[in-house]
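Quick notes on the structure that follows.
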Amino acid sequence: MSSNPEPTSPALAGIRILDLGSVVFGPYCTQILADYGADVIKIESPEGDSTRYTGPAHERGRSAIFLGVNRNKRSVVLDLKRPEAREALLALVDTADVFIHSVRPQKLAKLGLDADTLRARNPRLVYVGLHGFGDGGPYSGQPAYDDIIQGMSGIADLMQRQSGTPAYFPTIAADKTCGQVAAHAVLAALFQRERTGRGQVVEVPMFETMASFVLVEHFFARHIARGAAQGAPGGGAGPDAAVPETGYPRVLAPWRRPYRTADGFVCMMPYTNAHWRAFFERTGNAGLAADPRFVDIAARTRNIAELYRITGEIVAARDTAHWLALCAELEIPAAKMNRLDDLERDPHLQAVGFFEELADEAGNHYRFTRNPVRLSDSEVPPALPPRLGEHTREVLAEAGLSADAIDRLVPDPKAA
C-alpha cells in the first residue's frame, strides 16, 4: 500500500477516550479507536476487568482474551466507591473527548457520572452508553450478555431452522459486532463535533443492533409480501395473501455449507447465470443448465435447497484441487476451507503481515492480529495491553492532580 513520504500523526492523535467498558463489547470498540491513534485510558476497579483472568496467560492479569481487545491502551485503577476516586475521574473527564461505559445508567447516576452531569462540566464530551437494550422500552436497564442477545435477536432461531437445533454462533458475535458499530458511532459523533463544537449522547444498544444486523437479509421476503398483502403500490396480492415466514431462503438452506470433496472441503460460490451454466456444462450436467428450476436467479432462489443438494452430490466425486482448478478456469469464486489452525499459515495473511509478535521485559512473546484496516497516512505500532493500574500515576498527574492526592489514591507506587 502506498504511503505519504512525509511523517504524519495517527488519525485520532489528540483524542482522549475514557473507557469504563469491560469484557469484550466496550474494550473491542475502544481498541479499534486506539488502533487509529486515540489515547484510550482504561478505567478499572482494583479487581480489574474480568477478562484479565480468562484463559491462558504468561502472567496473571494478561490473559488471552484480554490481550485480544486491549492493546494500545493505558490502565488507571480507581475505586469509584471512594469520593476522592470519583473526583479524580471528574478531573479526567475535564480533559477527555469521549466517555464510554457499559455500566447501567442507574448506577452511574448514583455516582454522579450520568450524561447530564458530565456534559455540564465538559460540553464537548461525547458520552457513549453501551447498553443491552435501548432507553424507553420494557427491557431498558436489564443486563445482557452475548448469548442472551444472540438468542433474542434471532440468531439461535436461524441456527435451528438450518440445522434443526437451536444454537449460538461459536463466536461472541453480538459483543464484537456491537463493538464495531459503537466505534463508528463514536467517529460520527466526533466528526459532527468538529462542525458544531458540541458533544452529544450516543446510545449503542446490543438488542437493537443485532436485530438490525440479522434482519438485513432475513426481513426482505416478509417485508415485500406484507406490503403486497396490504395493497401497497405494486403489490396486487390482495389482503388475504399469506405472508411468508421471515428469512432469506438461500442463507437458511441446510445445504448452504462448504461442499465435501473426495478429500476435504471446498467453499464454492457459483452465483450468476453464466457461473451456473458453465458449472453444469463442464461437469457433464448440461441438462441442469436448462432446467427451469435453475435457469435464473429468481428460480434458483425458489429452489435453492435442491440446487445446493445436487451441487453437493456433484462436488463429492472429485478432490479439492480439481474444483479449485476448474473454478479458477470458469472464474467462479472458490477457496479451500481454512481451519482455525490454518490461519497463521495462510499465505495471504502472512504476505500482508497480519500477525505481529511483541515481547515483554521478561522475554515472554505475544502474537497479535494487527488492525485489519490500513491508512496510508496513519500508523500506530501495536503496544502490549497494560498491566492493571500501570498508568494510574502518570495519567492522574496529566489531569492536574497533586502528588499528595495521587498518593492518597495510590498509596503504594508498586501497586500501580
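What follows draws every value from the coordinates through simple rules; no lab data is involved. Owing to the predicted nature of the structure, the values given are computational and were not obtained by experimental measurement. Neighbour counts run over all protein chains shown; Cβ positions are idealised from the backbone, glycine included.
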Taking Cα centroids, how far is region 77-135 from region 265-327 in Å?
-> 56
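Tally Lys and Arg at +1 and Asp and Glu at -1 over the other residues with C-beta under 12 Å from the C-beta of Arg124: what net charge comes out? Before the final figure, lay out the partial values.
Details: positive: Arg16, Arg119, Arg121, Arg193, Arg198; negative: Asp94, Asp97, Glu194.
With Lys, Arg at +1 and Asp, Glu at -1, the net is +2.
Give me the one-decimal Kirkwood hydrodynamic radius in Å for region 346-416, with the sum taken over alpha-carbon pairs. It would help to have the intermediate numbers written out before the result.
Working: mean 1/r = 0.0649 Å⁻¹.
With all distinct Cα pairs of region 346-416 included, I get 15.4 Å.
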What is the helix-to-structure angle for 320-330, meaning the angle in degrees between its Cα long axis and the longest Cα principal axis of the chain, kept from 0 to 90 and rounded to the nearest 10?
-> 80
Computed label-point distance, nm, for sites Ala57 and Ser9 using a 7 Å Cα→Cβ extension = 3.4
Restricting attention to region 339-416, which GluC sites (Glu not before Pro) occupy a DSSP loop and are surrounded by at most 12 other Cβ atoms within 10 Å?
-> Glu361
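Any chance you could run the full-extension gain for Ala211 through Glu331? It's 0.36 nm times the residue separation minus the Cα-Cα distance, nm to one decimal. Don't skip to the answer; put the middle values down first.
Working: separation 120, 0.36 × 120 = 43.20 nm, distance 3.49 nm.
Extra length from Ala211 to Glu331 when fully extended: 39.7 nm.
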Candidate lysines - alpha carbon under 18 Å from Lys81, same-chain residues fewer than 8 apart omitted = Lys42, Lys107, Lys110
How high is the relative contact order of region 259-336, in percent, counting Cα pairs under 8 Å that sit 6 or more residues apart?
-> 48
Work out the length of the dipole vector of region 259-336 about its Cα centre, built from +1 on the beta-carbon of each Lys and Arg and -1 on the beta-carbon of each Asp and Glu, and round it to the nearest 20 debye.
-> 180
Fewest to most Cβ atoms within 10 Å: Arg62, Arg309, Arg104 sort as Arg309, Arg104, Arg62
Rounded to the nearest 0.05, what FRET efficiency is calculated for Ala290 and Ser163 with R0 set to 35 Å and r the Cβ-Cβ distance?
-> 0.60
Length added when fully stretched, Arg367-Ala262, from 0.36 nm per residue minus Cα-Cα | 34.3 nm
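For region 259-336, what does the convex hull of the Cα positions come to per residue, in cubic angstrom? Show your work: numbers first, answer last.
Values: hull volume 5.7 nm³, N = 78.
Hull volume over Cα atoms, normalised by residue count, gives 73 Å³.
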Can you tell me the relative contact order of the chain? Whole percent, Cα pairs under 8 Å, sequence separation 6 or more.
-> 19
What number, in percent, do you get for the relative contact order of region 1-92 if the mean sequence gap of Cα pairs under 8 Å and at least 6 apart is divided by its residue count?
-> 26
Under 12 Å, Cβ to Cβ, from Asp175 - net charge with Lys/Arg +1 and Asp/Glu -1 | -1
